[in-house]
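Asker: To start, I am sharing the structure in question, which I have written as structure tokens.
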Amino acid sequence: MLHTVNKSPFDRNSLERCMRTCDKGSAILLIEDGVYGGIKGSVIEDKVKGAMKDVKIYALEADLDSRGIKGRVIDGIQLVDYNGFVDLTVEYDKVQSWL
Amino acid sequence: MEEAGETKKIMYVNRKAPYGTIYALEALEVVLIGAAFEQDVYMMFLDDGVFQLKKEQDTKALGVKNFSPTYRALEMYDVEKIYVEKESMEVRGLTADDLIIPVEVKSNEEVTKMMTEMDVLLNF
């Protein structure tokens with residue numbers, strides 16, 4: 001399953017809820033304010049790295065760029081453009097959007 | 001002297017990240033319009049609001065206006081009292097060097113004190 005998270009993890013618990021609940025082998029795509037979850041040096045960095053042992057984490061490049069944090073992304077998070085977003089929705093059978 | 005000439009201490013409290021919601025841009029517009037009224041303006045950035053000031057914002061691919069350079073214009077409008085909470089930056093892995101304009105960094109305790117000294121608090 002592909003999980004999308006579009007809220008800042010410092011404002012809402014959607015990313016933590018998603019990481020706690022998603023199944024092994026699924027993927028998490030950070031979009032909109034959700035991309036702040038991918039920032040290095042934050043208080044949730046360790047939780048995100050922990051989740052990456054079981055799931056792949058992606059972040060939408062346009063949202064990282066606009067927020068000035070593309071150069072600050074945790075190692076191992078893969079960047080995707082809008083076409084890559086579409087590819088992910090095709091690759092995984094279902095999409096769960098944690099709003 | 002007319003009473004209308006009274007100057008008030010006004011604090012704009014910014015707590016939202018840019019782009020995800022309209023709050024940050026709206027706050028900036030209100031501050032710039034309000035600057036014409038010659039009030040004693042304080043801008044406070046707390047929580048995700050600190051992300052508004054992050055350097056290197058580039059919105060080309062997103063297709064919306066990058067309003068972050070406008071923070072640099074605040075000085076020309078005599079809005080020079082700009083504060084960022086230390087704890088908010090630390091939680092997010094940021095330091096004052098990551099910000100587009102020079103700011104004064106305040107602790108949560110100092111923020112509390114400043115807020116109590118205001119006449120008006122406007123939240124975005």
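The values are calculated or read from the model by the stated rules, or taken from the named source; none is laboratory data. Predicted model, so just to flag it, every value in this text is computed and none were measured. Backbone-built Cβ (ideal geometry, glycine too); neighbour counts: all protein chains shown.
Asker: What residue, of A:Asp46, A:Asp54, A:Asp33, is touching a Lys or Arg at 6+ places or on another chain (Cβ under 6 Å) and over 16 Å from B:Leu94 (Cβ atoms)?
Answerer: From the options A:Asp46, A:Asp54, A:Asp33, the qualifying one is A:Asp54.
Asker: Do we have any residue at all in region A:72-81 that's farther than 18 Å from A:Ser14 by Cβ, touching a Phe, Trp or Tyr at 6+ places or on another chain (Cβ under 9 Å) and surrounded by fewer than 16 Cβ atoms within 10 Å (Cβ to Cβ)?
Answerer: Checking region A:72-81: at least one residue is farther than 18 Å from A:Ser14 by Cβ, touching a Phe, Trp or Tyr at 6+ places or on another chain (Cβ under 9 Å) and surrounded by fewer than 16 Cβ atoms within 10 Å (Cβ to Cβ).
Asker: If you don't mind, another one. Answer with yes or no whether B:Val64 is of a type outside the set (D, E, K, R), out of contact with any Cys (no Cβ under 7 Å at 6 or more places or on another chain) and surrounded by fewer than 21 Cβ atoms within 10 Å (Cβ to Cβ).
Answerer: yes
Asker: Determine whether B:Met44 is without any contact (Cβ under 8 Å) to a residue 24 or more places away in the chain and more than 17 Å from A:Lys70 (Cα to Cα).
Answerer: no
Asker: Just a yes or no: is a residue in region B:39-59 modelled with pLDDT under 95 and not in a strand (DSSP E or B)?
Answerer: Within region B:39-59, one or more residues are modelled with pLDDT under 95 and not in a strand (DSSP E or B).
Asker: Also: Please enumerate the residues belonging to region B:14-61 that are of a type in the set (Phe, Trp, Tyr), surrounded by fewer than 24 Cβ atoms within 10 Å (Cβ to Cβ) and closer than 13 Å to A:Asp11 by Cβ.
Answerer: The answer is B:Tyr23, and nothing else.
Asker: (1) within 22 Å of B:Asn66 (Cβ to Cβ); (2) without any contact (Cβ under 8 Å) to a residue 24 or more places away in the chain: which one isn't true of A:Leu60, the others all being true?
Answerer: Against the list (1) within 22 Å of B:Asn66 (Cβ to Cβ); (2) without any contact (Cβ under 8 Å) to a residue 24 or more places away in the chain, A:Leu60 comes up short only on (2).
Asker: Can you report the number of residues in region B:75-96 which are assigned to a loop (DSSP other than H, G, I, E, B) and either touching a Ser or Thr at 6+ places or on another chain (Cβ under 8 Å) or within 14 Å of chain A (Cβ to nearest Cβ) (or both)?
Answerer: Total satisfying the criteria: 4.
Asker: Just the residues that are aliphatic (A, V, I, L, M) and more than 7 Å from every other protein chain (Cβ to nearest Cβ), please, taken from region B:29-63.
Answerer: Within region B:29-63, B:Val30, B:Val31, B:Leu32, B:Ile33, B:Ala35, B:Ala36, B:Val41, B:Met43, B:Met44, B:Leu46, B:Val50, B:Leu53 meet the criteria.
Asker: Can you name the strands (runs of 3 or more DSSP E) wholly within chain A that have at least 3 residues being under 12 Å from the mean Cα position of the chain (by Cα)?
Answerer: In chain A, the matching strands (runs of 3 or more DSSP E) lie at A:2-5, A:27-30, A:56-60, A:78-80.
Asker: Follow-up question, since we're still on this one. For the subset of region B:5-28 comprising residues that are free of Cβ contacts under 8 Å to residues at least 12 places away in the same chain and not charged (D, E, K, R), which member is nearest to the other protein chains (Cβ to nearest Cβ)?
Answerer: B:Gly20
Rundown of residues vs (1) touching a Leu at 6+ places or on another chain (Cβ under 8 Å); (2) within 21 Å of B:Pro18 (Cβ to Cβ); (3) surrounded by 13 or more Cβ atoms within 10 Å (Cβ to Cβ), yes/no style:
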{"site": "A:Ser8", "(1), (2), (3)": "no, yes, yes"}
{"site": "A:Gly37", "(1), (2), (3)": "yes, yes, yes"}
{"site": "A:Lys47", "(1), (2), (3)": "no, no, yes"}
{"site": "A:Asp54", "(1), (2), (3)": "no, no, no"}
{"site": "A:Val86", "(1), (2), (3)": "no, no, no"}
{"site": "A:Tyr92", "(1), (2), (3)": "yes, no, yes"}
{"site": "A:Leu99", "(1), (2), (3)": "no, yes, no"}
